[in-house]
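Take a look at the structure below.
Here, each number is a calculation from the coordinates, and none is a lab measurement. Since the model is a prediction, treat every value here as computed from it, not as a measurement. Every residue, glycine as well, gets a Cβ built from its backbone with ideal geometry; the counts of neighbours run over all protein chains shown.
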Amino acid sequence: MPTYSPSRLNTYEQCPRQYRYKYIDRIPREDETIESFMGHCVHAALERLYADLQMAKAVILPEILGHYRQAWGAGWHEGIRIVKQEYTAEHYRRLGERCLTAFYHRHAPFSEGTTLGLEAKVAVALDEAGVYTIAGIIDRLVAVGEGRYEIHDYKTSGRLPSQDRLDGDRQLALYQLAVEAAWPDAKDVELVWHYLVFDRVLRSRRSREKLDGLKRETIGLIEKIEADTTFAPRESPLCNWCAYQDLCPVRRHLVRREGQAQPDLGAYAAGQLVNRYAEVSLRRRALAAELDAELEAIEGALRAAAREQEAEVLFGDTHKVRVAPTDGRITLLPREDR
Ligand code: SF4
């Protein structure tokens, strides 16, 4: 049984096929999204900030931004992808700077609590036998008093979750279990998220019942993953950020059609088929709507004609129409009188 991590579990829930490529087949990928790259650079700058503070070194904003720019320059590579084409790398770089600047102004002089760990590796068993284990990395672990701990996590996401959602967040709650296992004096643990793009700090606590429930749910999810044999692709808007689109059956054709410098003729021809199919299907739908409207108008006229003729059945050359006297329902029938 492998050791699981919150991100590993998230990947499976997001898309089992992506999970298979990444964690089972272990297919290496050079490419990285700009969002992820910017997040790494921001994390690196914040790690350095708190490392300097631990060493009693005063920290000023230009220095933090300098560390960020250094991480950006040193880490930049050709495989970094910008999915949202309306933004440039420079937009993202500046966004990271803005996040750090806001963080600095909100928290300087950084005197809240004592940092116990930076990018701290933690692990915990979810069951007595130690079969189901979770490992992860805490961005910053802080002691704020006797037996009181805070688990801090930095997010550079452009989406701010609701409090409700954070109260059900799995990642930091699993880290809480690991912290409690490593430091038995941890009687009061608070989970803290820094949503840096929004300059917001969100907090949550977990009851013992919730943590026990989380253990059971996580073990259930791990068992489900272990039993999976198909790892079906799960298409979603997140596919745009997936590093395995060229392998995945629901995205492979798109990559072949649009993602290559050299045109792929087979992929182009398949695309043309789709175009034609869409054209004919849409035309058929429009025609059907047009004919339905015409039929409805004729049915109205037939009811009026049946009343005028004082007849329940009206005859054409090859067919007849029965107009139900009760509800006016119309039935088309072949003429059998000749
Ligand atoms: S492209 Fe989409 S469906 Fe395919 S593996 Fe990636 S996330 Fe899953």
How far is helix 89-107 tilted off the main Cα axis of the chain, in degrees rounded to 10, range 0 to 90?
50
Under 10 Å, Cα contacts only: if you run a Gaussian network model on the chain, which one of Ala44, Ala286, Ala182 comes out with the highest mean-square fluctuation?
Ala286
Estimate the FRET efficiency between Tyr268 and Ala227 by the formula 1/(1 + (r/R0)^6), using the beta-carbon distance for r and 51 Å for R0, to the nearest 0.05.
0.80
Relative pair counts by distance (%), Cα atoms of the range 265-334, 5 Å bins:
3, 14, 16, 15, 10, 8, 8, 6, 6, 6, 4, 2, 1, 0
Nearest 5 percent is fine: what portion of the DSSP beta bridges confined to the chain is antiparallel?
70
Separation between Cα centres of the range 231-255 and the range 14-66, rounded to whole Å:
24
Phi angles of the range 241-248, converted by Karplus (6.51 cos²θ - 1.76 cosθ + 1.60, θ = phi - 60°) into ³J(HN,Hα) in whole Hz with x for Gly and Pro, give 9, 6, 7, 10, 4, 5, 9, 6
On a 0 to 90 degree scale, rounded to 10, what angle separates helix 171-182 from the longest Cα axis of the chain?
30
Okay, which of the range 151-189 sit inside 15 Å, backbone N to the point 7 Å along the Cα-Cβ direction of Glu217?
162-177
What are the extents of the Cα atoms of the range 56-166 along their three principal axes, in Å, largest first?
50, 36, 32
What GluC sites (Glu not before Pro) does the range 240-338 have in DSSP loop regions with at most 15 other beta carbons within 10 Å?
Glu310, Glu312, Glu336
Applying the gyration tensor rule to the Cα atoms of the range 113-232 (axes a ≥ b ≥ c; rounded if a/c under 1.5, else prolate if a/b exceeds b/c, else oblate), the class is oblate
Quick one: which residues, 5+ away or cross-chain, put their amide H under 5 Å from the amide H of Thr33? H built at 1.01 Å from N.
Arg81
Indicate the gyration tensor shape class of the range 186-238 (rounded, prolate or oblate), computed on the Cα atoms with a ≥ b ≥ c the square roots of the eigenvalues: a/c under 1.5 is rounded; otherwise a/b larger than b/c is prolate and the rest oblate.
oblate
Given H placed on each backbone N at 1.01 Å, which residues far from Asp264 in sequence or on other chains put an amide H within less than 5 Å of it?
none
Length added when fully stretched, Asp292-Arg234, from 0.36 nm per residue minus Cα-Cα:
17.2 nm
Extension gain from Asp127 to Ala56, taking 0.36 nm per residue of separation minus the Cα-Cα distance:
21.5 nm
Going by average Cβ neighbours within 10 Å, how do the peptides 202-214, 169-181, 316-328 rank, with the highest at the top?
169-181, 202-214, 316-328
If one compares the long axis through the Cα atoms of helix 208-227 with the longest principal axis of the Cα atoms of the chain, the angle in degrees, nearest 10, works out at 60
Calculated FRET value between Gln14 and Lys210, using beta carbons and R₀ = 25 Å, to 0.05
0.65
Decide, for the chain, between rounded, prolate and oblate: order the square roots of the alpha carbon gyration tensor eigenvalues as a ≥ b ≥ c, take rounded if a/c falls under 1.5, and otherwise choose prolate if a/b is larger than b/c, else oblate.
prolate
For the range 191-206 and the range 93-138, compute the distance between their C-alpha centroids and round to whole Å.
11
Tell me the relative contact order for the chain as a rounded percent, counting alpha carbon contacts under 8 Å between residues six or more apart.
15
Relative contact order (percent) for the range 31-111, with alpha-carbon contacts under 8 angstrom and 6 or more residues of separation?
45
Could you work out how much longer the chain between Glu63 and Arg106 gets when fully extended? Use 0.36 nm per residue separation minus the Cα distance between them, nm to one decimal.
13.8 nm
What is the calculated FRET efficiency for Arg338 to Arg307, with r their C-beta to C-beta distance and R₀ = 22 Å, to the nearest 0.05?
0.25
